[in-house]
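Rule-based calculations on the coordinates, nothing more; no lab input. Just so we're clear, the structure is a prediction, and the values are computed from it rather than from any experiment. Quick reminder, even Gly has a Cβ in these numbers, built from the backbone with ideal geometry, and neighbours come from all protein chains shown.
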Amino acid sequence: MARFLNGLVAVVMFSPSHVLKTLVLVCLPAREGMSTLLFPVRCMRVICQRFEMGNKKLLRRALLFGVAVLCIFSCGERDDVRAIRTLIKEGAVLAEKHDIGGILALASEDLQALPGELDRQQVRGVLWRAFKYYGALKVIYPRPAVDLEKDSDHALARFPFLIVKREHSLPKLEALYNDPQGWLDEVGESADLYRLKLDLIKKGGSWIVRAVHLERFTGLGFRE
């Protein structure tokens, strides 16, 4: 990481500024949080201490460096959230196909499921019984909430979901994917509704599930 940042400093100090402007246009609008602001601010402070503050050209490049770092870290956070949501979507597709092996491939070897503190082999048995019970099914859920732990390859995701017969169509719910609260309001209290909480880790550049917590909606909220 240090080698990468040193290279970026060199680019900023000696390269045209239009490269950095491109980074701003691509990454800044998609920023999901402001926590990454602290890092570029610190970097700009260090650079300004190393160079004469009266030199406007060097100062301008230092500021551009800060913006570039902000964009890179913001894009990285956005990409992680997208990767986790893609993994959840892949898991739903595999569930609809009753592909137990494929689902477990998205999890770590020490996978744990709650309630029951089930291990990987026990989860396999639960999935087999569930698929046998439901038959041809469809999984419907709104956009998962994803919380990335700062400066760590760890994240939490949570989302409610429904399991329905494959031939059933619920276009209103599918249209509310980007409105989780509206999705819950539309479902109401009569549906067989669950919520899934996922504990994820990043390993080898890819996100995998380390723990699963399943809760059932009781009418008053979600409970085990």
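Can you give the local net charge around residue 154? Use residues other than it whose beta-carbon is closer than 9 angstrom to its beta-carbon, Lys and Arg +1, Asp and Glu -1. Present the calculation step by step, with values, prior to reporting the outcome.
On the way: positive: 202, 210; negative: 149, 153, 199.
For residues surrounding residue 154, the net value is -1.
Points 7 angstrom from Cα along the Cβ direction at residue 178 and residue 133: gap in nanometres?
3.5
Which cross-chain or sequence-distant (5 or more) residues have an amide H under 5 Å from the amide H of residue 211, H modelled 1.01 Å from N in plane?
Here 112, 199 satisfy the definition.
Against the empirical 2.2 N^0.38 Å scaling, what ratio does the C-alpha Rg of the range 107-223 come to?
On the way: Rg = 15.3 Å, N = 117, 2.2 N^0.38 = 13.4 Å.
Computed over Cα atoms of the range 107-223, the ratio equals 1.14.
Using a cut-off of 11 Å between beta-carbons, work out the net charge of the residues near residue 139 (Lys and Arg +1, Asp and Glu -1, residue 139 not included). Before the final figure, lay out each step's value.
Numbers: positive: 89, 97, 138, 166; negative: 96.
Summing Lys/Arg as +1 and Asp/Glu as -1 gives +3.
Search the structure for amide H atoms under 5 Å from the amide H of residue 194, placed 1.01 Å from N in the peptide plane, and list their residues when 5 or more places away or on another chain.
161, 217
According to the square roots a ≥ b ≥ c of the eigenvalues of the Cα gyration tensor, what is the shape class of the range 126-170, taking rounded for a/c under 1.5, prolate for a/b larger than b/c otherwise, and oblate for the remainder?
On the way: a/c = 5.33, a/b = 2.05, b/c = 2.60.
In terms of gyration-tensor shape, oblate.
Could you sort 105-116, 124-135 so that the peptide with the highest average Cβ count within 10 Å comes first and the rest follow in order?
For the peptides 105-116, 124-135, the packing ranking is 105-116, 124-135.
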